[in-house]
Amino acid sequence: MVHISRKTKQKELLQGEVKKFSSFFTAEELFAKASKKDAKLGIATVYRFLGELVTRRAVHSYTCERKTIYSFDEQSHCHFICERCGKKEHLTINSLDFIKSKIKGVICHFQIDVSGICQRCKEQG
């Protein structure tokens, strides 16, 4: 059975607001923008709307600091996390050439968390 989503004024509002993001965003950020224009909008509606977009592959979802974030771009989302101080840095990794031969299919986006010891903690011993 194919689920066809109904068009509602709230979904139209969310569609308009979500297009204004140029980078990563959270459901809470979308809700904050959209609820200024429709006080009756609920956060659950925002999560359902974003879930539909992810299912249709219209947006990509990632996990960052235990939150789901979304993006229209098929960009990577990578971190380096220090095991001593817990500092988290965003990394830019543009190529996965080293793993492409292991994947049967096409990589559209990826998320990688790398753990280690940051330079500051390394210098402190």
Response to the item:
Listed by chain and number, the residues whose amide H is under 5 Å from that of Ile117, excluding neighbours fewer than 5 places away on the same chain and using placed H, are Glu83
Worksheet item: Once the dipole of the chain is set up with Lys and Arg at +1 and Asp and Glu at -1 on Cβ about the Cα centre, which of Ala44, Phe80, Val54 lies farthest towards its positive end?
Response: Ala44
Worksheet, complete the sentence: Other residues with Cβ under 11 Å from the Cβ of His79 give, with Lys and Arg +1 and Asp and Glu -1, a net charge of -1
Discussion item. How much of the DSSP bridge set in the chain is antiparallel, in percent, rounded to the nearest 5?
Written reply: 65 percent
Discussion item. Only Cα pairs within less than 10 Å get springs; with that Gaussian network setup on the chain, which residue of Lys102, Lys40, Lys11 has the largest fluctuation?
Written reply: Lys102
Practice prompt. Please give, to one decimal in nm, the separation of the simple spin-label points placed at Ser95 and Glu28, each 7 Å out from Cα toward the Cβ.
Written response: 3.8 nm
Worksheet item: Going by how many other beta carbons lie within 10 Å of each one, how would you line up Phe98, Phe72, Phe49, fewest first?
Response: Phe98, Phe72, Phe49
Practice prompt. Report ³J(HN,Hα) in whole Hz for each residue of the stretch 116-125, in order, from the Karplus equation J = 6.51 cos²θ - 1.76 cosθ + 1.60 where θ = phi - 60°; Gly and Pro get x.
Written response: x, 10, 5, 4, 4, 5, 4, 5, 7, x
Worksheet item: Taking the Cα centre of the stretch 9-71 as the origin, how large is its charge dipole in debye, to the nearest 20, when only Lys and Arg (+1) and Asp and Glu (-1) carry charge on their Cβ atoms?
Response: 160 debye
Practice prompt. In whole angstrom, note down how far apart the Cα centers of the stretch 19-33 and the stretch 47-125 are.
Written response: 18 Å
Worksheet item: Between His79 and residues 5 or more places away or on another chain, which pairs have amide H atoms under 5 Å apart, with H built 1.01 Å from N, and which residues are they?
Response: Leu91, Ile112, Asp113, Val114
Discussion item. Can you tell me, using C-alpha contacts under 8 Å and at least 6 residues apart, the relative contact order of the stretch 77-124 as a whole percent?
Written reply: 52 percent
Worksheet item: What is the chain's relative contact order, in percent, from Cα pairs under 8 angstrom and six or more apart in sequence?
Response: 19 percent
Worksheet, complete the sentence: Beyond 24 Å (Cα-Cα) in this structure, taken from Lys36/Lys67; Lys19/Lys104; Lys67/Lys88, we find Lys19/Lys104
Worksheet item: Among Val114, Val54, Val106, what is the fewest-to-most ranking by other Cβ atoms within 10 Å?
Response: Val106, Val114, Val54
Worksheet item: Between the helical axis of 43-55 and the dominant principal axis of the chain, each derived from Cα atoms, what acute angle in degrees is found, rounded to the nearest 10?
Response: 70 degrees
Worksheet entry | Charged-residue dipole, Cβ positions (Lys, Arg, Asp, Glu), the chain about Cα centre, Debye nearest 20 | 460 debye
Practice prompt. For a footprinting-style exposure proxy, rank Thr45, Thr8, Thr92 by other Cβ within 10 Å, fewest first.
Written response: Thr92, Thr8, Thr45
Worksheet, complete the sentence: Magnitude of the Cβ-charge dipole (Lys and Arg +1, Asp and Glu -1) of the stretch 77-124 about the Cα centre, nearest 20 debye, reported as 80 debye
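The numbers here are math on the coordinates, done by the rules we state, and not lab data. In this text, all values refer to a predicted model and were calculated from it rather than measured experimentally. Glycine also receives a Cβ, built like all others from the backbone with ideal geometry; neighbour counts cover every protein chain displayed.
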